[in-house]
1. For region 94-131, enumerate the residues that are crowded, with 20+ Cβ neighbours inside 10 Å and among the β-branched types (Val, Ile, Thr).
2. Which condition breaks for Val148 when tested against (1) surrounded by 15 or more Cβ atoms within 10 Å (Cβ to Cβ); (2) in contact (Cβ under 8 Å) with a residue 40 or more places away in the chain?
3. Tell me the strands (runs of 3 or more DSSP E) entirely within region 99-172 that contain at least 1 residues that are touching a Ser or Thr at 6+ places or on another chain (Cβ under 7 Å) and more than 20 Å from Asn45 (Cβ to Cβ).
4. Could you list, in sequence order, the residues of region 41-71 that are among the charged types (D, E, K, R) and surrounded by fewer than 18 Cβ atoms within 10 Å (Cβ to Cβ)?
Amino acid sequence: MLSLLSARRAPQELSRPLDTLPMQIGAWEGSDNPALDPAIEAVLNPSAYLSRTYRNGDREIDFFGAFYALQRAGETMHSPKNCLPGAGWEVWDYRTVEIPLAGGAVTVNEYSVQKGPQRMRVLYWYQTSDRVIASEYYAKACLVWDAVMRGRTSGSIVRVTLPDQPWALEAGIDFAARIIPLLQACLPNAQ
């Protein structure tokens, strides 16, 4: 159905390239990560993406954002809910957390994952020009709604990965609160 709704839709371009996101976000200093492996990029098939590591002293936050200018059936975002286990990560806890923003708060996913002895926390969400969504199902429903009512199917998925340390959740929430509005400025304007 989505392919029928989006068959005549034109891709939406970013308002600004993702790499215009600041290298300095709060106390965190960023550096670009190497490009994705071509096989992984082919599976994800984003219109644009940004992968960076932000550091504050000896602490690190990994940021990944992928933008899709036009989504059709079979050409949509890949959920970390499926990709993390597919990459060998075991999900041992899941919940949602609130991210405070000017004018309110949004809900994002928090996964605690483990691969061998390595444990990480992953915050992720779906973001359009006017929404931040945690639920994959609600994101799909909004995608259909936007295709029918607005003639657009663009969107992004954002992932913030941190080590499973006592400081990580608070730092991740603060980082997400800072990056969400910055990313919003890059996404196509709502119509």
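1. Across region 94-131, the qualifying residues are Ile99, Val108, Val113, Val122, Thr128.
2. (1)
3. Correct list: 104-115, 118-127.
4. Glu41, Arg55, Asp58, Arg59, Glu60, Asp62
So that you can scan it fast, the table gives a plain yes or no per residue for (1) at positive phi; (2) without any contact (Cβ under 8 Å) to a residue 12 or more places away in the chain:
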residue: Glu90; (1), (2): no, no
residue: Gly103; (1), (2): yes, yes
residue: Gly116; (1), (2): yes, yes
residue: Met120; (1), (2): no, no
residue: Tyr124; (1), (2): no, no
residue: Gln127; (1), (2): no, no
residue: Arg131; (1), (2): no, yes
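Throughout, read-outs are computed from the coordinates displayed, never taken from laboratory work. Keep in mind that this is a model prediction, so the values were computed, not measured. Virtual Cβ from ideal backbone geometry, glycine too; neighbours counted across all protein chains shown.
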